[in-house]
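Enquirer: Below is the structure I would like to discuss, written out as structure tokens.
The values are calculated or read from the model by the stated rules, or taken from the named source; none is laboratory data. Just so it is clear, the model here is predicted, and its values are computed rather than measured. All Cβ positions, glycine included, derive from the backbone under ideal geometry; neighbour counts span all protein chains shown. Each accessible area value is taken on the protein alone, full model and side chains, heavy atoms only, with ligands, DNA and RNA left out. Shrake-Rupley method; radii C 1.70, N 1.55, O 1.52, S 1.80 Å.
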Amino acid sequence: MDPKEISAFLAPPKMTAREILLSFTGAAIALLLVATGTSFYNHDYRHGIWCFLVAIVLGFVFFRKRKLALVVTSLSSILALGSLGLPFRPSLAALALLLGCAAALYFTVRRSYEKYPYLSYRNMHTVFEGEAAMAAENARIEAEARELVKKRPYGPWLFR
């Protein structure tokens, strides 16, 4: 294999316009939820309730069948934007938010790996298709791996 083939194989898949739109919508939902918490902290309950309702409606409309995509895009956007602002306005609450987001993102990815062990970063598009598509793709890859083991029981490196 030449270096171009290797780099093409290892390159992450390109996101479609729909997936980019869903990512920005997930980030907007996360920011609305942060604004809700801030409004409740400042005793501005009307603004907080409106932000919460808009976040719930956006989440229901766009992410009804894509819970994993919503959680990952929301947590990663809070983590990215919060880590940019933390050095300039350090506080214990911001640090707790960032550490909580990092831990939640880690456990979300770990849980999704346990649920769908055959999916890799190359199957990123199925995350935005929904849970049913992820289960179907995982089952397809698992069946493909079982067929390969039946065809080559001693591994792909030994030829018969």
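Enquirer: Does residue 16 meet the test of being out of contact with any strand residue (DSSP E or B) (no Cβ under 6 Å at 6 or more places or on another chain), without any contact (Cβ under 8 Å) to a residue 12 or more places away in the chain and of a type in the set (Val, Ile, Thr)?
Expert: On the way: out of contact with any strand residue (DSSP E or B) (no Cβ under 6 Å at 6 or more places or on another chain): yes; without any contact (Cβ under 8 Å) to a residue 12 or more places away in the chain: no; of a type in the set (Val, Ile, Thr): yes.
Criteria not met by residue 16.
Enquirer: Yes or no: residue 79 at negative phi, in contact (Cβ under 8 Å) with a residue 24 or more places away in the chain and open to solvent by 40 Å² or more (accessible area, probe 1.4 Å)?
Expert: yes
Enquirer: Out of 137, 129, I need the residue that is assigned to a loop (DSSP other than H, G, I, E, B) and either open to solvent by less than 50 Å² (accessible area, probe 1.4 Å) or in contact (Cβ under 8 Å) with a residue 60 or more places away in the chain (or both). Which one?
Expert: Residue meeting the stated conditions: 129.
Enquirer: Do you know which residues across the range 55-75 are assigned to a helix (DSSP H, G or I) and in contact (Cβ under 8 Å) with a residue 40 or more places away in the chain?
Expert: Residues satisfying the conditions are 62, 63, 67, 68, 69, 70, 72, 73, 74, 75.
Enquirer: Further question: For the subset of the range 116-126 comprising residues that are in contact (Cβ under 8 Å) with a residue 12 or more places away in the chain and in a helix (DSSP H, G or I), which member is nearest to residue 8 (Cα to Cα)? Reasoning before the result, please.
Expert: If we filter the range 116-126 for residues that are in contact (Cβ under 8 Å) with a residue 12 or more places away in the chain, which is where we start, we get 116-119, 121-125.
When the remaining residues are screened for being in a helix (DSSP H, G or I), the result is 121-125.
Numbers: 121: 14, 122: 12, 123: 15, 124: 16, 125: 17 Å.
Residue satisfying both the conditions and the ranking: 122.
Enquirer: Just the residues that are open to solvent by 90 Å² or more (accessible area, probe 1.4 Å), part of a helix (DSSP H, G or I) and closer than 21 Å to residue 122 by Cα, please, taken from the range 1-54.
Expert: 3, 4, 5, 9, 10, 18, 21, 24
Enquirer: Okay, next question. Can you work out which of the residues in the range 138-160 that are over 31 Å from the mean Cα position of the chain (by Cα) and among the basic types (Lys, Arg) is modelled with the lowest pLDDT?
Expert: Residue satisfying both the conditions and the ranking: 160.
Enquirer: Within the range 86-121, which residues are within 21 Å of residue 31 (Cβ to Cβ) and of a type in the set (D, E, K, R)?
Expert: Across the range 86-121, the qualifying residue is only 89.
Enquirer: Which numbered condition trips up residue 99, out of (1) part of a loop (DSSP other than H, G, I, E, B); (2) open to solvent by 60 Å² or more (accessible area, probe 1.4 Å)?
Expert: All conditions are met except number (1).
Enquirer: Which of the residues that make up the range 5-40 are more than 27 Å from residue 67 (Cβ to Cβ) and of a type in the set (Ser, Thr, Tyr)?
Expert: Answer for the range 5-40, where residues must be more than 27 Å from residue 67 (Cβ to Cβ) and of a type in the set (Ser, Thr, Tyr): just 7.
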